[in-house]
Each structure stands twice: as structure tokens, then as C-alpha cells.
Amino acid sequence: MIRLFQEKDRQSLQQLFLEVRTKHLFWEDGASFELQDFDLQTQDEIILVAEDEKGILQGFLAIFKDFWQFMNQINSYIIFLSQMMRKEKELVNNLLMNRLSVLEHHSH
């Protein structure tokens, strides 16, 4: 399950972040990594966590708030455009139907 970060997740995510960085960032000095690096690296970000069916955290995704807001704005704009296109389509259909009825009326 994917959900928003909760404060109760902090210690587990700090540990996970430390373990993953120490194991996979082999070109850096792992001795300099600390638990608090998670807090520094994810400061002011929106954090989504992944947990298994037992509620055990499996990972996380940290997203820049500005990017999150940007994506929400894009989504709102798409919805707005969709609504405008629907209204425009209705307007064009109404105009066509009115035009057809006028043409039919004049042809009789």
C-alpha cells in the first residue's frame, strides 16, 4: 500500500535510508552517513511510503513540494481544458442543430 508519511515512520525510514546509502553508494565514505541524513535530504518534501500487507515499510518516495504543486496545477488545467472542450462541443452541436433546423425550415 502507498500512503503519505506519518511521523511514526521516521525512525524506520531513517534506518532504511542509512542502510541503502551505505550499501549502494559505494563510491562515497559510508562512515560519514548518519540517521539524520534522511531528515536533511527530505526536508520540505512530500514523502510517500510503501508498506506491505503486514504494515512493514518497504520504501519511500520523496517529492519536491514545488513539483507536487506543479503536477496538481497541470491536473487542474487538464480538467479545465476538458470541461471547456466539452462546453465548446455542446455549443458547436447546438449551433449546427439550429442551423440545420433553419435550413430545413427554409427548404419547405
Subtracting the Cα-Cα distance from 0.36 nm times the residue separation, let me have the gained length for Asp66 to Leu96 in nm, one decimal. 6.4 nm
Efficiency of FRET between Asp37 and Ile2 - r from beta-carbon atoms, R0 22 angstrom, step 0.05: 0.45
Per the rule of 0.36 nm per residue minus the C-alpha distance, extending Ile46 to Gln58 adds in nm 2.6 nm
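Relative to the present Cα-Cα distance, how much length would full extension add between Ser82 and Arg10 at 0.36 nm per residue of separation? Can you show the working numbers first?
Working: separation 72, 0.36 × 72 = 25.92 nm, distance 3.99 nm.
Contour length minus Cα-Cα distance gives 21.9 nm.
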For the stretch 2-64, what's the relative contact order in percent, using C-alpha pairs closer than 8 Å and at least 6 residues apart? 38
If one builds a Gaussian network model of the chain from Cα atoms under 10 Å apart, the most fluctuating residue listed among Ile63, Ile47, Ile74 is Ile74
Excluding same-chain residues fewer than 8 positions from Lys54, which aspartates and glutamates have a Cα within less than 18 Å of its Cα? Asp9
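Excluding the sites themselves, what is the longest stretch of the chain that contains no chymotrypsin sites (Phe, Trp or Tyr not before Pro) in a DSSP loop with at most 12 other C-beta atoms within 10 Å? It would help to have the intermediate numbers written out before the result.
Numbers: sites that count: Phe26, Trp27.
The longest such stretch corresponds to 28-108.
Expressed as a rounded percentage, what relative contact order does the chain have, with Cα pairs under 8 Å and six or more residues apart?
Numbers: 75 pairs, mean separation 25.4, N = 108.
The normalised contact order for the chain reaches 24 percent.
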Neighbourhood charge, 15 Å Cβ-Cβ cut-off, centred on Phe17 and excluding it, Lys, Arg +1 and Asp, Glu -1: -4
Search the structure for amide H atoms under 5 Å from the amide H of Gly59, placed 1.01 Å from N in the peptide plane, and list their residues when 5 or more places away or on another chain. Ala50
Using a Gaussian network for the chain with springs between C-alpha atoms less than 10 Å apart, which of these wobbles most: Leu48, Leu61, Leu25? Leu25
Which net charge results when you count Lys and Arg as +1 and Asp and Glu as -1 among the other residues whose beta-carbon is under 12 Å from that of Asp44? -2
Of all the C-alpha pairs in the chain, what % are more than 19 Å from each other? 65
For the chain, calculated [θ]222 nm from helices alone, where every DSSP H run of n ≥ 4 adds -39500 (n - 2.57): -20000 deg cm²/dmol
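Any read-out appearing in this document is the output of simple, stated calculations on the displayed coordinates, not a laboratory observation. Source: prediction; values computed, not measured. As a convention, Cβ positions derive from the backbone with ideal geometry for all residues, glycine included, and neighbour counts pool all protein chains shown.
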